[in-house]
Amino acid sequence: MRDNKVDGLFDKAAKQFNSTGKALDEDTIRLKKWLQTQPQLPKMLDAQALKNFLFLNKCSFEITKQKIDNYYSVRSRVPEIAFEMNPKRPYFKEFKDMIYFVDYPQLTDEMCKITYFKAKGEIIPDKYEPVYTMRKYLVMQELKLRYDVMHGDILVLDCKGHTLNIAVKLTPVLIYKTIVLLYQQVFSILIKVVHVINLPPVLKTAVNLVKSFLKPKLAARIYIHSDEEVLKQLIPLNLLPVDFGGEGLSLQELEDDLEARCTKNQKLFDRLDEIKVDENLRPAKLEDNDTLGVYSSFKKLDID
């Protein structure tokens with residue numbers, strides 16, 4: 001049965017790229033047919049996920065095909081992040097004991113998802129590994145692909161509690177793999193804005209490094225605020241958790257909601273653990289560019 005509410009959101013989304021809901025439906029069918037000609041790729045994306053891929057790539061059919069290929073290929077190219085993101089793994093509980101990292105179920109009027117990061121204590125324990133955050137982010141992405149209509153991400157990062165021991169773990173390689181490989185070359189997520197609050201001096205180098213990997217206009221969307229009070233003017237109060245002075249659900253309620261969604265979709269994450277790209281079955285050989293092995297023409301793409 002079709003979800004008229006979701007269909008309406010896709011219609012609204014498509015208009016932003018001079019397309020229509022009908023055209024999205026047609027391109028979704030084309031993508032399904034194209035996937036049937038790619039025996040090396042698993043078949044894990046439903047119609048809504050395929051529509052979201054189209055939407056995230058500005059309804060470009062050819063670019064979407066490349067991003068779907070990347071979506072599967074990244075699991076063998078960046079296994080330490082993309083192949084270790086099953087929420088039933090023990091380190092997810094360890095991470096949950098230290099950090100709130102959750103998304104708000106309701107979309108903004110611009111169809112964006114707001115994601116919140118905040119330490120649960122005054123100081124983040126040294127055993128915290130930033131890669132855990134990247135893995136949990138991928139968990140949220142998998143759910144968003146299948147249940148939301150996405151235009152982009154709004155990130156609210158409360159950096160209070162970071163120590164020098166944590167900062168040194170934010171290596172250039174980890175930042176590159178997260179921003180360039182996952183954000184840009186797989187999900188094409190549009191970073192609408194990043195609000196950073198309570199930034200300790202030890203993280204300034206990491207923030208500058210993040211900016212260096214972004215195009216200037218994207219780097220300009222990272223705002224550093226002295227405290228959380230400013231969020232009341234920047235985030236709709238009904239979508240701002242009470243932990244930040246808003247009127248929305250608490251971070252704990254958002255965490256409980258996310259856990260419930262993960263539990264409901266546990267079979268999906270178990271299947272994702274098992275999928276692999278069989279390059280021996282690929283109809284046309286890829287030219288390896290040392291990242292995901294995508295077609296060399298991908299280097300010329302300029303998606304933001």
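The values are calculated or read from the model by the stated rules, or taken from the named source; none is laboratory data. Everything quoted here is computed from the prediction, not taken from an experiment. With ideal geometry, Cβ positions are generated from the backbone for all residues, glycine too; neighbour counts draw on all protein chains shown. These area figures cover heavy atoms from the full protein model, side chains too; ligands, DNA and RNA do not enter into them. Shrake-Rupley method; radii C 1.70, N 1.55, O 1.52, S 1.80 Å.
Results for (1) exposed (fewer than 13 other Cβ atoms within 10 Å of the Cβ); (2) modelled with pLDDT of 90 or more; (3) hydroxyl-bearing (Ser, Thr, Tyr), shown as yes or no for each residue.
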site: Leu254; (1), (2), (3): no, yes, no
site: Thr263; (1), (2), (3): yes, yes, yes
site: Lys267; (1), (2), (3): yes, yes, no
site: Asp278; (1), (2), (3): yes, no, no
site: Leu286; (1), (2), (3): no, no, no
site: Asn289; (1), (2), (3): no, no, no
site: Ser296; (1), (2), (3): yes, no, yes
site: Asp302; (1), (2), (3): yes, no, no
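Within the range 53-70, track down each residue that is under 19 Å from Ala23 (Cβ atoms), surrounded by 20 or more Cβ atoms within 10 Å (Cβ to Cβ) and at pLDDT 90 or above. Explain how you work it out, then say what you get.
Going residue by residue through the range 53-70, those that are under 19 Å from Ala23 (Cβ atoms) are 53-65, 67-68.
When the remaining residues are screened for being surrounded by 20 or more Cβ atoms within 10 Å (Cβ to Cβ), the result is 53-57, 59, 64, 67-68.
Phe53, Leu54, Thr64, Lys67, Ile68, listed by residue number.
Looking at the range 162-200, which of its residues are part of a loop (DSSP other than H, G, I, E, B) and open to solvent by less than 10 Å² (accessible area, probe 1.4 Å)?
From the range 162-200, those part of a loop (DSSP other than H, G, I, E, B) are 162-163, 168-171, 188-190, 198-200; that's our starting set.
Result: Ser188, single match.
If the requirement is being modelled with pLDDT under 95 and more than 22 Å from the chain's Cα centre (by Cα), which of these qualifies: Ser188, Ser226?
Values: Ser188 fails: more than 22 Å from the chain's Cα centre (by Cα).
None of the other options fit; the residue is Ser226.
For the range 1-115, which helices (runs of 4 or more DSSP H) that fit wholly inside it have 2 or more residues that are within 25 Å of Leu181 (Cα to Cα)?
Details: elements: 4-15, 21-36, 47-56, 61-77, 79-82, 90-98.
Result: 21-36, 47-56, 61-77, 79-82, 90-98.
When you scan the range 238-247, how many residues do you find that are assigned to a helix (DSSP H, G or I), closer than 15 Å to Thr108 by Cα and open to solvent by 60 Å² or more (accessible area, probe 1.4 Å)?
Within the range 238-247, residues that are assigned to a helix (DSSP H, G or I), closer than 15 Å to Thr108 by Cα and open to solvent by 60 Å² or more (accessible area, probe 1.4 Å) number 1.
Condition test on Lys118, is it part of a helix (DSSP H, G or I), surrounded by 16 or more Cβ atoms within 10 Å (Cβ to Cβ) and in contact (Cβ under 8 Å) with a residue 60 or more places away in the chain? Show your work before the answer.
Working: part of a helix (DSSP H, G or I): no; surrounded by 16 or more Cβ atoms within 10 Å (Cβ to Cβ): yes; in contact (Cβ under 8 Å) with a residue 60 or more places away in the chain: yes.
It is false that Lys118 is part of a helix (DSSP H, G or I), surrounded by 16 or more Cβ atoms within 10 Å (Cβ to Cβ) and in contact (Cβ under 8 Å) with a residue 60 or more places away in the chain.
State which residue pairs qualify: first residue farther than 15 Å from Met150 by Cβ and inside the range 8-25, second residue of a type in the set (A, V, I, L, M, F, W, C) and outside any loop (DSSP other than H, G, I, E, B) in any location, beta carbons under 8 Å apart, and separation of 6 or more residues or different chains.
Correct list of pairs: Thr20/Ala14; Gly21/Phe10; Gly21/Ala14; Ala23/Ala14.
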